[in-house]
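The values are calculated or read from the model by the stated rules, or taken from the named source; none is laboratory data. For clarity, every value in this text was computed on a predicted model and none was experimentally measured. Ideal geometry is used to build each Cβ from the backbone, glycine not excepted, and the neighbour counts take in all protein chains shown. The protein model used for the area step is the full one, side chains on, heavy atoms only, and it has no ligands, DNA or RNA in it. Shrake-Rupley method; radii C 1.70, N 1.55, O 1.52, S 1.80 Å.
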Amino acid sequence: VIHEWYHAAETPWLWRRMCLQKWSFCNVSQLLSDTGTHSWKAYYLRRSHLEMKMKTGRSCADYTCKSLRGHKGRVVGFEYLVGNDGCSDVWKQTPVVCSASTDGTVKAWDIHKGVNLWSSPAQSPMQDITVDPVQSVVISSDNTGTIKTWKAATGEEVACFQSGSSKTTLLSFINKDSSFLMVGTVLGSLVVLTCPALSEVSRHVVCDSFSLNLLRSSPDKKWLFTASKENLDLSPKVFYSDSVCFPAEDEDHLCHSLPVTGCCAALFLPSQPARLAVIHSDGRFNNNTLSVFDLTMKESKCKKETQAQQVASFPVALSHRSDVILEARGSSALLVTDGNHLKVYTFKGELVASFEDHLQPITALCVDSFRVVTASRDLSLRILTWRNDPEHGLTLESQYHLLGGSFRRSRGFTNVACDYSSIVGSVESVDGNDVLKAYTFDF
């Protein structure tokens, strides 16, 4: 009997079934085989071991922490250029993070080794950064309005575009296998550029004379959300992406103004690409509402028309409206930060959970299928993991803190980003030379 049980436990179909039941959100079928190093059994054991370490974080034996120093100014942003997901990270890919600073440089980092891979020549102070992993380029903008693309492998400059805007908001965007860069300008225009060549495709006025500083794209890249957080009387606009990426001479761009004003945060729900959640005030600063819209395209013989149907709306109490962060998981779990609070709502407005793990305001939030990481001015990162509640559905469990150093040298975390097996946070330094902290969970 023991012999039969042993052979049953070694059958590939059993380990395959266990993998797909435990991680139904990730399709790894094409990556794995029945036997060998990349077998279903090996994947299950290694990923389970990794997730246990990420969930407990009991000691430094579970992870390594490296300080990435080199910038001589404030870090204004950073993103993963190469990262690991739940399907590939157990095979130990090396994450690469790119950062931009007010010292006028863009830098690339190997966060496993904690070393700088390359640094761009110094120019005017940087104020935004994004990446295009498909084209293998890094995109930066400085405070003179200069936008540049850099080769991810070497840091060599690829192209340059003068936006004429002292402050820009960047969003990398892929539509029909073509790469684009969406640029929000300080005077309220949306500029669409090709990437990496940075040739202008189209230009659209969204919020005249007010900074266009909130850009979001739907998971399927069909919709583009645009808004300004500077004016409580302005309505956000949603563009059908084909009409701005591939404009036709005899057709107007397809755009819909949402029936709300005073937008301060927005996102598309990950598993429902045409569902948009928006936090807005409708002109009254103290009355904040979270509204959910379903976007559709109506076509007739004569024209196409975008439509937005409101499917949910509920009040949210905010004491720090200007710093609110909105994120989501799946089709129903909405996360809202307010000061040092993190709240989990269903999209119908039910408050599922509330956390007050930080002593100072939350400055950034990172969400994936396994966990949520919050960064705070109290110089700590808080790790929370997802679980299914029988009564309320998807909710969070608070697990542990990762510390960012000493207040003698630092003023707190300003941003955070994650791949599946690592976390990177930017720390504001007292001397003005910010540092990246990279936490890698060991196998």
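Do we find that Asp252 is open to solvent by 10 Å² or more (accessible area, probe 1.4 Å), free of Cβ contacts under 8 Å to residues at least 40 places away in the same chain and out of contact with any Leu (no Cβ under 7 Å at 6 or more places or on another chain) in this structure? Yes; evaluated as a whole, the condition is true for this residue. Scan segment 397-415 for residues that are among the aliphatic types (A, V, I, L, M) and open to solvent by 10 Å² or more (accessible area, probe 1.4 Å) and jot them down. Residue satisfying the conditions is Leu403 alone. Tell me, yes or no, whether segment 226-244 has at least one residue that is farther than 23 Å from Glu305 by Cα, open to solvent by 10 Å² or more (accessible area, probe 1.4 Å), of a type in the set (S, T, N, Q) and modelled with pLDDT of 95 or more. No, segment 226-244 has no match at all.
Against the conditions (1) open to solvent by 10 Å² or more (accessible area, probe 1.4 Å); (2) within 16 Å of Asn415 (Cβ to Cβ); (3) in contact with a Gly (Cβ under 8 Å, 6 or more places away or on another chain), Ile325 satisfies every one except (3). Note on segment 189-200: residues that are touching a residue at least 60 places away in the same chain (Cβ under 8 Å) and open to solvent by 20 Å² or more (accessible area, probe 1.4 Å) amount to 1.
Here's the yes/no breakdown for (1) surrounded by 15 or more Cβ atoms within 10 Å (Cβ to Cβ); (2) farther than 30 Å from Ser369 by Cα:
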| residue | (1), (2) |
| --- | --- |
| Ser202 | yes, yes |
| Val206 | yes, yes |
| Asn213 | yes, no |
| Pro219 | no, no |
| Leu258 | yes, no |
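Consider segment 92-120 and keep the residues that are out of contact with any Asp or Glu (no Cβ under 8 Å at 6 or more places or on another chain) and on the phi > 0 side of the Ramachandran plot. The one that is surrounded by the most Cβ atoms within 10 Å (Cβ to Cβ) is Gly114. With respect to Gly104, determine if the residue is modelled with pLDDT under 95 and either assigned to a strand (DSSP E or B) or among the small types (Gly, Ala, Ser) (or both). No, not satisfied.
Among the residues here, Ser331 qualifies as under 22 Å from Trp386 (Cβ atoms) and surrounded by fewer than 14 Cβ atoms within 10 Å (Cβ to Cβ). Taken over segment 404-432, the criterion of being at pLDDT 95 or above and of a type in the set (Phe, Trp, Tyr) is satisfied by Phe413 alone. Whether any residue in segment 430-442 is farther than 14 Å from Pro95 by Cα, of a type in the set (Gly, Ala, Ser) and not in a loop (DSSP other than H, G, I, E, B) is what I want to check. So far as segment 430-442 goes, no, none of its residues is farther than 14 Å from Pro95 by Cα, of a type in the set (Gly, Ala, Ser) and not in a loop (DSSP other than H, G, I, E, B).
Checked against (1) within 24 Å of the chain's Cα centre (by Cα); (2) open to solvent by 50 Å² or more (accessible area, probe 1.4 Å); (3) without any contact (Cβ under 8 Å) to a residue 40 or more places away in the chain, Asp142 meets all criteria but (2). Hey, can you tell me all the residues within segment 389-443 that are within 23 Å of Leu50 (Cβ to Cβ), over 23 Å from the mean Cα position of the chain (by Cα) and not aromatic (Phe, Trp, Tyr)? The answer is Asp442, and nothing else. Scan segment 260-276 for residues that are assigned to a strand (DSSP E or B) and either aromatic (Phe, Trp, Tyr) or surrounded by fewer than 18 Cβ atoms within 10 Å (Cβ to Cβ) (or both) and jot them down. Selection gives Phe268 alone. Within segment 358-366, is even one residue closer than 26 Å to Tyr80 by Cα and touching a Cys at 6+ places or on another chain (Cβ under 8 Å)? Looking through segment 358-366, at least one residue is closer than 26 Å to Tyr80 by Cα and touching a Cys at 6+ places or on another chain (Cβ under 8 Å). Pairs meeting the criteria (first residue in segment 203-216 and within 10 Å of Pro236 (Cβ to Cβ), second residue open to solvent by 90 Å² or more (accessible area, probe 1.4 Å) and among the charged types (D, E, K, R), beta carbons under 9 Å, at least 6 apart or on different chains) are Cys207/Glu230; Leu214/Lys229.
Tell me whether segment 293-305 contains one or more residues that are in contact with a His (Cβ under 8 Å, 6 or more places away or on another chain), open to solvent by less than 40 Å² (accessible area, probe 1.4 Å) and at pLDDT 95 or above. Checked against the condition, which is being in contact with a His (Cβ under 8 Å, 6 or more places away or on another chain), open to solvent by less than 40 Å² (accessible area, probe 1.4 Å) and at pLDDT 95 or above, segment 293-305 yields at least one hit. Within segment 160-188, being open to solvent by 20 Å² or more (accessible area, probe 1.4 Å), assigned to a strand (DSSP E or B) and either at positive phi or of a type in the set (S, T, N, Q) (or both) holds for Gln162, Thr169, Ser172, Ser178. Listed by first and then second residue, the pairs linking a residue in segment 346-367 that is at positive phi to a residue that is among the hydroxyl-bearing types (Ser, Thr, Tyr), with Cβ atoms under 8 Å apart and 6 or more places separating them unless they lie on different chains, are Gly349/Ser313. What about Leu318, is it out of contact with any Cys (no Cβ under 7 Å at 6 or more places or on another chain), open to solvent by less than 20 Å² (accessible area, probe 1.4 Å) and not aromatic (Phe, Trp, Tyr)? No: the conditions fail for Leu318.
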